[in-house]
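First comes the structure, then the notes that go with it.
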Amino acid sequence: MLLAPLVLAAALGQACPAPDSRYGPPPCAAANVPGCLPGYRRQVDRFGHVTYACDPAYGWGAEPAPAPAPPPGPGPDAYAAPAPAPAPAYPPEPAYEPAWRGRGEPRHQVALVLMPGTATLDRGTTSDGAGGVAMELRGVRGGARLRLGFEYTRWTRVAEAALKFDFNEGGLVRPFLALGVGAARFERIDLDRAWHPTGSVSGGVDLYLARDFFLTAELKQRAFTQDTDHGLEVSSLHQTSFFVGAGFYF
């Protein structure tokens, strides 16, 4: 019977239960329930009687504070395999151009060129094997060359200096043109065996397999001069030569 008001108040969560008697202690105090007595206020009337009343400041009837939520547990992805680390990023490797194709780089200036071939004299009336050797000089850059050469056939000997210009400087294939002047001597008994001035024009292509090594092919047309009563004149003799060979700078 003493616990009935306490149970009812706890179920409803409203005002504190009143004591069974005006002068007796509250039910929870009579039942020795810890923490209940502080919810009442002791009063003494004018006759010295002790009474107990609910203490409004105690917060009877207030809604209890919600219990703290449990910490969140691991999600469904907590036990998943970790994502693989991204591949390390490396800077791209520099693109290297072959040194022999670069511009402005140091290069050798002197070349030796060997050129076997064939030659015709008198516009094709004779044809013989020919051979040539030349020395080429070039600067540190550019396609201009100075070529000093000597050519040999059964019927002619020619020493010549020429200006040669390579197009497509720095490339693998370099077409060229050349203009030359020199002196020639005939080895035929029906021709003057003295040295006479000559002039030539030629064109061809150089194939550079390395910065300082190349293969060459060249077609050349040469005119001779002769002494006459009127002075030095161009002879009717012409020579057409075709050479292939190789050269290397050192």
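The values are calculated or read from the model by the stated rules, or taken from the named source; none is laboratory data. It should be emphasised that the depicted structure is a prediction, and the values quoted were computed from it without experimental measurement. Here the Cβ positions follow ideal geometry from the backbone for every residue, glycine too, while neighbour counts run over all protein chains shown. With ligands, DNA and RNA removed, areas are computed over all heavy atoms of the protein, side chains included. Shrake-Rupley method; radii C 1.70, N 1.55, O 1.52, S 1.80 Å.
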Restricting to segment 120-151, count the residues that are at pLDDT below 95 and either closer than 30 Å to Arg193 by Cβ or outside any strand (DSSP E or B) (or both). 15
Name the residue that is nearest to Leu163 (Cα to Cα), counting only residues in segment 200-212 that are free of Cβ contacts under 8 Å to residues at least 40 places away in the same chain and open to solvent by 30 Å² or more (accessible area, probe 1.4 Å). Val201
Do we find that Val201 is at pLDDT 90 or above and among the hydrophobic types (A, V, I, L, M, F, W, C) in this structure? yes
Which members of segment 229-250 meet the condition of being in a strand (DSSP E or B), without any contact (Cβ under 8 Å) to a residue 40 or more places away in the chain and surrounded by fewer than 18 Cβ atoms within 10 Å (Cβ to Cβ)? Gly231, Leu232, Glu233, Val234, Ser236
Picked from segment 152-176 (must be in a strand (DSSP E or B) and open to solvent by 100 Å² or more (accessible area, probe 1.4 Å)), the residue modelled with the highest pLDDT is Leu163
Scanning segment 208-233 for residues that are among the β-branched types (Val, Ile, Thr) and touching a strand residue (DSSP E or B) at 6+ places or on another chain (Cβ under 6 Å), the one farthest from Trp155 (Cα to Cα) turns out to be Thr216
Selection from segment 123-141 of residues that are surrounded by 15 or more Cβ atoms within 10 Å (Cβ to Cβ) and of a type in the set (D, E, K, R): Glu136, Arg138
Residues of segment 109-151 classified as among the basic types (Lys, Arg) and at positive phi, total: 1
Of the conditions (1) at pLDDT 95 or above; (2) exposed (fewer than 14 other Cβ atoms within 10 Å of the Cβ); (3) farther than 16 Å from Phe243 by Cβ, Leu215 clears all except one; give me its number. (3)
